[in-house]
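J.: Sharing a structure with you now.
The values are calculated or read from the model by the stated rules, or taken from the named source; none is laboratory data. All values derive from a computational prediction rather than experimental measurement. A quick note on method: Cβ atoms are made from the backbone with ideal geometry, for glycine too, and the neighbour counts reach across all protein chains shown.
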Amino acid sequence: MNLKELKTKSRAYALKNALAYKGKAQQGAVISSLFNEGLKKNEVKKFVKDISKIINEVNKLSLEEQEKEFKNLKKDVSQRKVREGLEELPNVKKGKVVMRFAPSASGGFHIGHAMTLGLIYVYIKKYGGKLYVRIEDTNPENIYKPAYKMIEQESKWLTNGIAEIIIQSERMNLYYKYAEQLIKKNSAYVCTCSGDDFRKYVKEKKDCPCRKLNIKENLERWEKMLDKKGFKEGEAVLRFKSSGGMKNKNPAMRDFPLARINLKKHILQKKKYRVWPLMNLAVTVDDIELGMTHIIRGKDHRDNAKRQEMIYEVLRKKFPWTGFLGKIHFKDFELSTTKIREAIEKKKFKGWDDKRLPTIASLKKQGYKPQAFWKFSEQVGLSETDKTIDKEEYFKLLNAFNRDSRE
């Protein structure tokens, strides 16, 4: 892209973006649009001053002047759709949207968390309603105690203080209540088959012998799971009776597990509980109880969404609208919370706020504002398309959005 073409395109997109944002174009959004026009990542540094100058000129114009000029430059905007602002969510009642973000208690937030939570927050800000950050800690084996405080602080920072924190391990009796309810509806059963045997039944599309038990027998087995003198760890699992049963076309849907015995000591609950809900039970219960209306989650959870919808149907509840996000591949970044934590414990980094880490603690310390993450999330939007972003590109865009947030 030559300088003359870049200036024309920059002005056209700056005007378009300004008209979408009450007269104020955002540099990060303009640069992102120029990438769609063929701007190379390695050209940004060369042209950023020219782009910035054009945006400042556009932002000094009145809305009327911007509209008039954009009519003349509209032809220079690509026919490829470049989204401005958020896509609308369906079935919205203003002020009554309820959404959630559900991190595990394995560590603090990184830029991947900020991408999803930022998008959820801007939707809540747009429509009004409630945002829950639900800490998923029903697996006693992967919990990092400082994570509870870190998640709460970083959630509040990233959502302008509106996030309400929910901790799953404090809601165990609720999960037990729903588990019993599913058994009484003959929609769940306690399975004592070995893992190998059950996998064989799944492969052969055959019911395991436990599926034929009546409600009374399953309630007795459930009590035996809860009883310290009853089943031992690994001897019994609560399973959902899937629609389509063991002949369901999707093997992942065939009588999936809902709860298991895990005797590992829990950081918060100690040895208070021996039966722990698995994700699909705990998530469904919480989504029902908290009144979720809209859910945004990674598309790798598509099967889980189908499992949870099955449970909703049995309980005769309306399933929330669900949107899926494509995977963001961050090149040159380590975004496994567990691996980051392990590296910190091995003294490879000074802490979660080490400048070399892509964590929210680190970026906050470096002066980034939450608005930068909101704008970044809004620009990426609600898309199922997988994307790859390298470190240089990510920070050029984030820096541009961060400058915008200070103006």
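J.: Which is assigned by TED's automatic domain parsing to the domain that holds K156, assigned to a loop (DSSP other than H, G, I, E, B) and at negative phi, of W374, W352? Outline the logic, then answer.
T.: Details: W374 fails: assigned to a loop (DSSP other than H, G, I, E, B).
Answer to the selection: W352.
J.: Here's a check for you: in segment 308-355, which residue that is of a type in the set (S, T, N, Q) and more than 21 Å from S155 (Cα to Cα) is surrounded by the most Cβ atoms within 10 Å (Cβ to Cβ)?
T.: Step one: of segment 308-355, the residues of a type in the set (S, T, N, Q) are 308, 322, 336-338.
Subsequent filtering for residues that are more than 21 Å from S155 (Cα to Cα) retains 308, 322.
Details: Q308: 23, T322: 17.
Here the answer is Q308.
J.: Find the residue count for segment 211-256, including only residues that are closer than 30 Å to D300 by Cα and in contact (Cβ under 8 Å) with a residue 24 or more places away in the chain. First the steps, then the outcome.
T.: So in segment 211-256, the residues closer than 30 Å to D300 by Cα come out as 211, 233-256.
If we keep only those that are in contact (Cβ under 8 Å) with a residue 24 or more places away in the chain too, we end up with 211, 233-243, 245-247, 250-256.
Looking only at that region, the number is 22.
J.: Filter segment 95-121 for residues that are of a type outside the set (S, T, Y) and part of a loop (DSSP other than H, G, I, E, B) and give the result.
T.: Matches in segment 95-121: G95, K96, A102, P103, A105, G107, G108, F109.
J.: Which of the following residues is crowded, with 17+ Cβ neighbours inside 10 Å, within 31 Å of the chain's Cα centre (by Cα) and not assigned by TED's automatic domain parsing to the domain that holds R302: M225, M253?
T.: On the way: M225 fails: within 31 Å of the chain's Cα centre (by Cα).
After applying the criteria, what remains is M253.
J.: Inside segment 148-167, can you point out the residues that are under 17 Å from the mean Cα position of the chain (by Cα) and of a type in the set (G, A, S)?
T.: S155, A163
J.: Which condition does L263 not pass, out of (1) modelled with pLDDT of 95 or more; (2) out of contact with any strand residue (DSSP E or B) (no Cβ under 9 Å at 6 or more places or on another chain); (3) closer than 27 Å to M99 by Cα, if it passes all the others?
T.: (3)
J.: Six or more apart or on different chains, Cβ atoms under 8 Å: show the pairs whose first residue is in segment 262-287 and outside any helix (DSSP H, G or I) and whose second is at pLDDT below 95 and surrounded by fewer than 18 Cβ atoms within 10 Å (Cβ to Cβ).
T.: If the second residue must be at pLDDT below 95 and surrounded by fewer than 18 Cβ atoms within 10 Å (Cβ to Cβ), the pairs left are N262/E141; K264/E141.
J.: What tally of residues in segment 83-111 results from selecting those that are under 26 Å from L34 (Cβ atoms) and surrounded by 18 or more Cβ atoms within 10 Å (Cβ to Cβ)?
T.: Looking only at that region, the number is 1.
J.: When you scan segment 47-78, how many residues do you find that are modelled with pLDDT under 85 and closer than 25 Å to L398 by Cα?
T.: Of all residues in segment 47-78, those modelled with pLDDT under 85 come to 74-78.
Those still in the list that are closer than 25 Å to L398 by Cα too: 77-78.
The number of residues fulfilling the criteria is 2.
J.: If I filter segment 37-52 for residues that are out of contact with any helix residue (DSSP H, G or I) (no Cβ under 7 Å at 6 or more places or on another chain), more than 24 Å from A372 (Cβ to Cβ) and not assigned by TED's automatic domain parsing to the domain that holds K156, do I get at least one hit?
T.: Checked against the condition, which is being out of contact with any helix residue (DSSP H, G or I) (no Cβ under 7 Å at 6 or more places or on another chain), more than 24 Å from A372 (Cβ to Cβ) and not assigned by TED's automatic domain parsing to the domain that holds K156, segment 37-52 yields at least one hit.
J.: Okay, moving on. For residues in segment 356-371 being part of a helix (DSSP H, G or I) and of a type in the set (G, A, S), which is surrounded by the most Cβ atoms within 10 Å (Cβ to Cβ)?
T.: By that ranking, first place goes to S362.
J.: Tell me, yes or no, whether segment 176-188 has at least one residue that is touching a Ser or Thr at 6+ places or on another chain (Cβ under 6 Å) and not polar (S, T, N, Q). Show your work before the answer.
T.: At the first step, the residues of segment 176-188 found to be touching a Ser or Thr at 6+ places or on another chain (Cβ under 6 Å) are none.
Checked segment 176-188: no residue is touching a Ser or Thr at 6+ places or on another chain (Cβ under 6 Å) and not polar (S, T, N, Q).
J.: Considering only segment 279-298, I want to know if a residue exists there that is surrounded by fewer than 18 Cβ atoms within 10 Å (Cβ to Cβ) and modelled with pLDDT under 95.
T.: Taking every residue of segment 279-298 in turn, at least one turns out to be surrounded by fewer than 18 Cβ atoms within 10 Å (Cβ to Cβ) and modelled with pLDDT under 95.
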